Every structure is written in C-alpha cells, then in structure tokens.
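First the structure, in the form of structure tokens, and then the observations on it.
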Amino acid sequence: MRVVTFGEVMLRMMPPGWKRVSQSLPGSLDVTFGGAEVNVAVSIARQGGRAAFCTGLPDNPLTDAFVAQLRSFGIDVDLILRSREGRFGIYFVENGANQRGGTVTYDREGSTISLTPASAWSWDGIFADAGWFHITGITPSLSREAAEASLVSVQEATRRGIPVSCDMNFRKKLWNWDRGTKPAALAKKTMESMLPHIQVLIANEEDADHVLGIRAAETNVDAGELNLKGYEEVARQIAVKFPNLHHIAITLRESVSASHNNWGAMLYDVAANQALFAPVDSAGTYTPYEIHNIVDRVGAGDAFAGALVFAMNTPELSESATALRYAVAASCLKHSILGDFNDVTRSEVEALMKGGGHGRVSR
C-alpha cells in the first residue's frame, strides 16, 4: 500500500537541551526538518511501509538537503513541487521541563506551499499508484490557497476511491488568513467542508472541542481527569454528523507536567459501534503509559497517525484493537526521540506492545 501525504515541511530550529531561545541567541540552534505530514510519511517508511510526500518548496539548496534526507528513509520524493515563488517555513521550539511548558513560534507566512493554488498541483500524478491519502488540518490553516488545495485534494482522492485519513491538528496561531473570522470559526468552516471526504479522523480533546464544538463531559486534561465514556460520546456525535467516517481516533494525553505525561488513545469503530482503548492491563482496563523525563513530545500525535495508518494497511496489524495498540506504542516511543521524526522501527514498537518498555540495553 502506497500512502501519499500532503502538507508543508519546515526548518525546525531548537535551542540545545532545555535552553530557551533567549539563552541561545546570539549563538547556535539545532536545525532539522519537520512538519505534520512529512512526520507521518517518515513513520510509515521507517516502519516498513511505502510512503510518498507531496509538498511545494523553493528551488534552492535547502530543498536539495531535505530531498536527500527523505530519500535516505526510502520516501518517494517525485511529488515535491519546486517553485521560484515563496520560501521555506520555519518554526522555533523550546523544550519544556517540569512546570515550564514548551513553546512553538511560527515563521511560515509566504511559504511556497501557502502560495501554490489548487490548479498548480497535478492530481493525476499525485494519486497515480496511491492506495491511501493523508492530510492534516495544518495544511488548510496556512492560507486561502492552501485551504482550497486541501479541499480539492480530498475531493480528488474520493473521486478515485482512495481512502483518506485526516488529523485535525488545530493550531490557533495559524488560522488567520481570513481577518474577519476568528481562528476556531475559520477552522470549523474549513474542516467541515473537508470532513465529508474523509474515512479515518484523528483528533485530540482540544480538536473536537474547538473545531467541531463537541466536548467530552467531566474532563479536565490539565488536572489529569479523563472521562472515557465522555470520549465515546464525542466519537459517536462526530460519526452521526459525518456518516462517511468509519474510524475516529482520539489521543488521550494527561499532562502531569511538561516532563511527565500519561499517554493513550481511543479508537471508535463506527460499523461495530465500539470504542476501544489502549493500552489496557490484563483485565482490559485502560492503563495509560506513564512517560517520565520526556525528551521531545513534538510530533507524538503525528507518530500516532503514521503508525495507525501503517497498521491499518498491514494485514497482521489491521484489526482495530491491534492497530490502536500499535499506534499508541509507537507514539509513546516518540516521546523519547529528539526531533520531529519518529525514528523507531516496527520491531521496537511491537516489543513495547508486548511489555518490553523497561529501557534495557539491547546487546
């Protein structure tokens, strides 16, 4: 199964260790690549699947370096559109620690993909040999042009009978291309036009609340209180509103501090009217991974999405409960990996699924 992902890649700039930007400049920042949709492509390729990444980038040496890295992962780069217009987007990350949360600062206005109209994309070429399409709510948040291209992309996939997954990924700082509309309202209007063309929806508790106006009752994620029955009801309400959906995944993060999170997820199988949770103990009770001393949580949601899409398209992992357990384990491991990309293998994920999360040295 060849999975095509569509979105923006950026330069990710981060102070070393747990320094703040103000402590590091003038000075050095660690520079890597990152972005939700390319993160998904890397996860799929790293775990043994076939992935292609579609984006628009300036025709310059930065793009050459990025293309070379994707090729090293075995990702198809033939769908990257080079242009004389626009620039590489940038984002700055500060790693949080203990009671100080992390921060993200965007500098991506005028990026190449945000300037590229829907008519510039060769949809026949993009979807040739594609078996699955993945997009996120970040891409349409970038500009009116990117929103129109995002809508056309899912329409074109649907017209060809290609399944579509979407991670809503609401980013309040980005939804500002319509100055007369508040970010949440703009996101709601835009995403609701795309959702009828999507089969697998991925979200977190904030996405469902801010974008769709659906909130889990009696839940306070900041206080570490999750009402699992409430999330089942959220998924059912989403499924009623968008009957084309066949799976709805909601990641469940409890932030004890920036360095200590509990992590798990729910997968609602619409046809079976069944909500599954992972991880669970021997009695089947939801028991989230307790992640202490987080190295980097940025990209954990993308790691979940990539692993879920990979599992759903891998016969021995595709059963809903197994696919969910696999995706949660993969995204748990991402918290131990510095950078956007989840550089873990399928065997490492499966070892954690089987209870091998003790961090012993493999010799």
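The values are calculated or read from the model by the stated rules, or taken from the named source; none is laboratory data. Fair warning: this is a prediction, and the values are worked out from it, not measured in the lab. Backbone-built Cβ (ideal geometry, glycine too); neighbour counts: all protein chains shown. Accessible surface is based on the protein model in full, side chains and every heavy atom, while ligands, DNA and RNA are left aside. Shrake-Rupley method; radii C 1.70, N 1.55, O 1.52, S 1.80 Å.
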Problem - Number of positions in the range 1-38 that are under 21 Å from T63 (Cα atoms), in contact with a Gly (Cβ under 8 Å, 6 or more places away or on another chain) and aliphatic (A, V, I, L, M) - result: 5
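Let's see how each residue does on (1) of a type in the set (S, T, N, Q); (2) open to solvent by less than 60 Å² (accessible area, probe 1.4 Å); (3) at pLDDT 95 or above:
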| position | (1), (2), (3) |
| --- | --- |
| D78 | no, no, yes |
| Y91 | no, yes, yes |
| N98 | yes, no, no |
| S119 | yes, no, yes |
Completion exercise
Picked from the range 132-149 (must be in a loop (DSSP other than H, G, I, E, B) and small (G, A, S)), the residue nearest to A118 (Cα to Cα) is S143
Fill in the blank from the handout: Within the range 103-117, of all residues that are within 17 Å of D59 (Cβ to Cβ) and not hydroxyl-bearing (S, T, Y), the one least open to solvent (accessible area, probe 1.4 Å) is I113
Completion exercise
Scanning the range 233-275 for residues that are buried (at least 22 other Cβ atoms within 10 Å of the Cβ) and either more than 20 Å from R325 (Cα to Cα) or more than 21 Å from the chain's Cα centre (by Cα) (or both) gives V234
Practice task
Specify which of the listed residues (G180, G230) is surrounded by fewer than 22 Cβ atoms within 10 Å (Cβ to Cβ), modelled with pLDDT under 95, part of a helix (DSSP H, G or I) and out of contact with any helix residue (DSSP H, G or I) (no Cβ under 8 Å at 6 or more places or on another chain).
Solution key: G230
Exercise for the section: Would you point out the residue of the range 115-173, among those that are touching a helix residue (DSSP H, G or I) at 6+ places or on another chain (Cβ under 7 Å) and of a type in the set (K, R), that is nearest to V40 (Cα to Cα)? Expected result: R171
Problem - Condition broken by L115, with the remaining ones in (1) touching a Gly at 6+ places or on another chain (Cβ under 6 Å); (2) on the phi > 0 side of the Ramachandran plot satisfied - result: (2)
Exercise for the section: Restricting attention to the range 42-68, report how many residues are in a helix (DSSP H, G or I), within 14 Å of S111 (Cβ to Cβ), touching a residue at least 40 places away in the same chain (Cβ under 8 Å) and open to solvent by less than 50 Å² (accessible area, probe 1.4 Å). Expected result: 1
Practice task
Kindly indicate which of A208, A216, A249, A185 is over 27 Å from V280 (Cβ atoms) and among the small types (G, A, S).
Solution key: A185
Practice task
Consider only pairs whose beta carbons are under 8 Å apart and that are at least six residues apart or on different chains; among these, list those whose first residue lies in the range 119-138 and is more than 16 Å from V38 (Cβ to Cβ) and whose second residue is surrounded by 14 or more Cβ atoms within 10 Å (Cβ to Cβ) and among the aromatic types (F, W, Y).
Solution key: F127/F133
Handout entry: Residue check for V344: among the β-branched types (V, I, T), open to solvent by less than 20 Å² (accessible area, probe 1.4 Å) and in a helix (DSSP H, G or I)
Key = no
Problem - Members of the range 183-203 that are open to solvent by 20 Å² or more (accessible area, probe 1.4 Å) and not charged (D, E, K, R) - result: P183, A184, A185, S193, P196, H197, Q199
Handout entry: Test result for E206, open to solvent by 40 Å² or more (accessible area, probe 1.4 Å), closer than 25 Å to G264 by Cα and of a type outside the set (A, V, I, L, M, F, W, C)
Key = yes
Fill in the blank from the handout: Taking the range 121-137 and the residues there that are touching a Lys or Arg at 6+ places or on another chain (Cβ under 6 Å) and within 21 Å of A303 (Cα to Cα), the one that is surrounded by the most Cβ atoms within 10 Å (Cβ to Cβ) would be A130
